[in-house]
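What follows is a single structure, written as structure tokens, with notes after it.
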Amino acid sequence: MDPIQFSPSTLRGLALPHVAKLAAYTPGLQPTEPGWVKLNTNECPYPPSPRVAEAIRREVGTDGASLRLYPDPKSHGLRAALAKLHGLAEENVCVGNGSDDILNLLVRCFCAADAAAGFTLPSYSLYPVLVGIQDGRSSVLMFDRMMRLPIERLAASTASVFFLTSPNAPTGVGFGNVELEKVLGSFRGLLVVDEAYAPFAQENAVPLLGRHPNLVVVRTLSKAYGLAGIRVGYALAHPEVIGLLDRVRDSYNVNRLSQAAALAAIDDAAYFEQSVARVKATRDRVVRGFNQRGWFTYPSQANFIFTEPKNARGESGPAVAKAAYDFLYAHKVLVRYFPSHALTAPFLRISVGTDQEMQVLNDTLDAWLKAPPNA
Ligand SMILES: Cc1ncc(COP(=O)(O)O)c(C=O)c1O
């Protein structure tokens, strides 16, 4: 008998209809060849604490024997250490394979066709993708150019779960706890404050957890701890919410080496604080430089800067941002721009690198302003 022929479209036809028409999340470029100044994915410009590599070596041992065994399925040691770090109990913590894993678990638990997941535009573009995977309903709140929190609209939202990025991405604008409490006072769903960038901010929502059982704070070790490659993030929430996340989580969602690495990183608080302080000092200096150029730049509480470039004729807008992006790209300086939204298209998002990398960025922008047709 002839084997059955499966064409690509037949295979697609076997998928659930909503999956067949999904568009995947587009991560920032990860160039493999050397020579790039990489300021596009908000990674830390500094390596993690030296204790991390030691902990991984210790975990692997001389012959890798421990790798035969599954990791601790609940990442108990890490949950306990994170709980201590934030003055909470282990029952308030769930650890994920990056905070993307945690966001996915939250969508799995709280979003469906008749239970909307809310988010703002602009914000982290993974949220709508996760909602699409779940075949759920989205409820979108638009910012205006001021990028202030739409407190009344958010408080009145009927979403089951609302993802608020604070500090926001890609703007870097942070929302204060006074504003968050106004929302929490009336919002009837679960408010998830995605605090991927909180270590660089003036305030964070952790102190509100005790008073608001419908608050979830999501954190990551990818940014401030310099561990994007290790994939560890976590949720802080009421034990009931943590229990729900645990029901839908992969049993072994955080591998052995990542658990060991994360524990070592959070154990080295002095190193962490020094890294964060260096990034913030560089950020504030570069923002001042953009202001001196006369480029509108949102006040950043994150490890990236959202700025509206002006060309040599003083013009700004999507075409100018694209020209600046292309010039930087041609000179191997990689930043991010988001042409799909009117509020983001005139801007570039630039991750804070080392002082040396930011010097290359500034020199390349000077060269762009001198190069025809800008001159
Ligand atoms: C707002 C926001 N949340 C979550 C993440 C995901 O972080 P992780 O590396 O922990 O999955 C990112 C990554 O860029 C982000 O910008």
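The values are calculated or read from the model by the stated rules, or taken from the named source; none is laboratory data. Bear in mind the structure is a predicted one, so any value in this text is a computation, not a measurement. Neighbour counts run over all protein chains shown; Cβ positions are idealised from the backbone, glycine included.
A few points about this structure:
- Complete set of residues in the range 115-135 that are assigned to a loop (DSSP other than H, G, I, E, B), under 20 Å from Arg153 (Cα atoms) and more than 16 Å from the ligand (Cβ to nearest atom): Ala116
- Of residues in the range 320-358 being over 17 Å from Phe304 (Cβ atoms) and among the polar types (S, T, N, Q), the one surrounded by the most Cβ atoms within 10 Å (Cβ to Cβ): Gln356
- Residue in the range 171-186 that is within 16 Å of the ligand (Cβ to nearest atom), under 23 Å from Ser300 (Cβ atoms), out of contact with any strand residue (DSSP E or B) (no Cβ under 9 Å at 6 or more places or on another chain) and not polar (S, T, N, Q) present: yes
- Subset of the range 322-375 (residues that are in contact (Cβ under 8 Å) with a residue 24 or more places away in the chain, of a type in the set (Gly, Ala, Ser) and farther than 24 Å from Lys223 by Cβ): Ala323, Ala324, Ala345, Ala367, Ala371, Ala375
- Single match in Gly64, Gly77 (criterion: away from the ligand (no atom under 16 Å from the Cβ), touching a residue at least 24 places away in the same chain (Cβ under 8 Å) and small (Gly, Ala, Ser)): Gly77
- Count of the range 32-59 residues which are assigned to a loop (DSSP other than H, G, I, E, B) and surrounded by 12 or more Cβ atoms within 10 Å (Cβ to Cβ): 12
One line per residue, one yes/no per condition, for (1) under 18 Å from Gly172 (Cβ atoms); (2) modelled with pLDDT of 95 or more:
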| residue | (1), (2) |
| --- | --- |
| Phe272 | no, yes |
| Val286 | yes, yes |
| Asn303 | yes, yes |
| Asp355 | no, yes |
| Ala367 | no, yes |
| Ala375 | no, no |
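- Across the range 6-26, the number of residues qualifying as over 14 Å from Pro128 (Cα atoms) and either in contact with a Ser or Thr (Cβ under 6 Å, 6 or more places away or on another chain) or not aliphatic (A, V, I, L, M) (or both) comes to 8.
- Residues that are over 30 Å from Tyr46 (Cα atoms) and not basic (Lys, Arg), drawn from the range 238-259: His238, Pro239, Glu240, Val241, Ile242, Gly243, Leu244, Leu245, Asp246, Val248, Asp250, Ser251
- Of all the numbered requirements in (1) within 24 Å of Glu203 (Cβ to Cβ); (2) modelled with pLDDT under 95, Pro299 misses one, and that requirement is (2).
- Unique match (being within 30 Å of Leu209 (Cβ to Cβ), away from the ligand (no atom under 13 Å from the Cβ), among the small types (Gly, Ala, Ser) and free of Cβ contacts under 8 Å to residues at least 24 places away in the same chain) among Ala89, Ala83, Ala20: Ala83
- Residue in the range 294-312 that is of a type outside the set (D, E, K, R), out of contact with any Phe, Trp or Tyr (no Cβ under 8 Å at 6 or more places or on another chain) and free of Cβ contacts under 8 Å to residues at least 12 places away in the same chain present: no
- One residue alone among Pro213, Pro239, Pro207 is touching a His at 6+ places or on another chain (Cβ under 8 Å), farther than 14 Å from Leu103 by Cβ and surrounded by fewer than 21 Cβ atoms within 10 Å (Cβ to Cβ), and that residue is Pro213.
- Single unsatisfied condition, Thr158 versus (1) within 23 Å of Val140 (Cα to Cα); (2) polar (S, T, N, Q); (3) touching a Ser or Thr at 6+ places or on another chain (Cβ under 8 Å); (4) within 16 Å of the ligand (Cβ to nearest atom): (4)
- Test: residue in the range 177-191 that is touching a residue at least 60 places away in the same chain (Cβ under 8 Å) and within 24 Å of Thr41 (Cα to Cα): no
- Near pairs, Cβ below 7 angstrom, 6+ apart or cross-chain, from the range 1-13 (modelled with pLDDT of 85 or more) to any residue that is not in a loop (DSSP other than H, G, I, E, B): Arg12/Ala20
- Taking the range 106-133 as the range and being in contact with a strand residue (DSSP E or B) (Cβ under 7 Å, 6 or more places away or on another chain) and not hydroxyl-bearing (Ser, Thr, Tyr) as the test, the residues that pass are Leu106, Val107, Phe110, Cys111, Ala116, Ala117, Gly118, Phe119, Leu121, Pro128, Val131.
- Considering the conditions (1) touching a Lys or Arg at 6+ places or on another chain (Cβ under 7 Å); (2) more than 16 Å from the ligand (Cβ to nearest atom), Ser258 is excluded by exactly one of them, (2).
- Looking only at residues in the range 150-167 that are part of a loop (DSSP other than H, G, I, E, B) and touching a strand residue (DSSP E or B) at 6+ places or on another chain (Cβ under 8 Å), the one that is surrounded by the most Cβ atoms within 10 Å (Cβ to Cβ) is Ser166.
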